[in-house]
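A short worksheet on the structure shown next.
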Amino acid sequence: MFNRAVSRLSRKRPPSDIHGSDGSSSSSQQNPKSTAKWAASLENLLEDPEGVKRFREFLKKEFSEENVLFWLACEDFKKTQDKKQMQEKAKEIYMTFLSSKASSQVNVEGQSRLNEKILEEPHPLMFQKLQDQIFNLMKYDSYSRFLKSDLFLKHKRTEEEEEDPPDAQTAAKRASRIYNT
């Protein structure tokens, strides 16, 4: 269940963001330079399904994908209305990311003080402090490395090439691309 939710989350934008009338994301038609948005802030990156996908690829290579998965799971959890569903999701988040036996344990302060008793009375913001810690860890650590990574830079170059067809490029730009790749 959790893996399906994470998979869905990584493909969708929050409801407050752009969706077509059919519910499909329209990022590629609306903003051809998504990398510019991603580079502006981690928040922008996490709002774009393609950005989340690329960031997850990068974090997987750095062995820290659990950070973005935890952040996404917390975002989904905050939107849960049903009390029983909230209890199930809280337990799943705890068992997957926070317990000492977690399969994808995140490294957060105060983790040792968390125990299963908190799961009895869940509320939408119960993981907020921990989610904020993980967000800041990503923002000040892995996000800056992501922006310098080959994965991001190649995607950025591809966008620029699509925007600027080769026949419209200057000789200097072509030479620059040839020698800088």
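The values are calculated or read from the model by the stated rules, or taken from the named source; none is laboratory data. Here the structure is a predicted model, which means the values were calculated and not measured. So basically every Cβ, Gly included, is an ideal-geometry build from the backbone, and we count neighbours across all protein chains shown. The accessibility values were calculated without ligands, DNA or RNA, using every heavy atom of the protein model including side chains. Shrake-Rupley method; radii C 1.70, N 1.55, O 1.52, S 1.80 Å.
Yes/no matrix, rows are residues, columns are (1) under 28 Å from residue 119 (Cβ atoms); (2) open to solvent by 40 Å² or more (accessible area, probe 1.4 Å); (3) more than 11 Å from the chain's Cα centre (by Cα):
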{"position": "34", "(1), (2), (3)": "no, no, yes"}
{"position": "39", "(1), (2), (3)": "no, yes, yes"}
{"position": "43", "(1), (2), (3)": "no, yes, no"}
{"position": "46", "(1), (2), (3)": "yes, no, no"}
{"position": "49", "(1), (2), (3)": "no, no, no"}
{"position": "53", "(1), (2), (3)": "no, yes, no"}
{"position": "62", "(1), (2), (3)": "no, yes, yes"}
{"position": "77", "(1), (2), (3)": "yes, no, yes"}
{"position": "84", "(1), (2), (3)": "yes, yes, yes"}
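Taking helices (runs of 4 or more DSSP H) that do not extend beyond the range 119-163, which have at least 2 residues that are closer than 24 Å to residue 78 by Cα and under 18 Å from the mean Cα position of the chain (by Cα)?
Answer list for the range 119-163: 128-137.
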Do any helices (runs of 4 or more DSSP H) lying entirely in the range 26-106 carry at least 1 residues that are closer than 18 Å to residue 156 by Cα and in contact with a strand residue (DSSP E or B) (Cβ under 7 Å, 6 or more places away or on another chain), and which ones are they? none
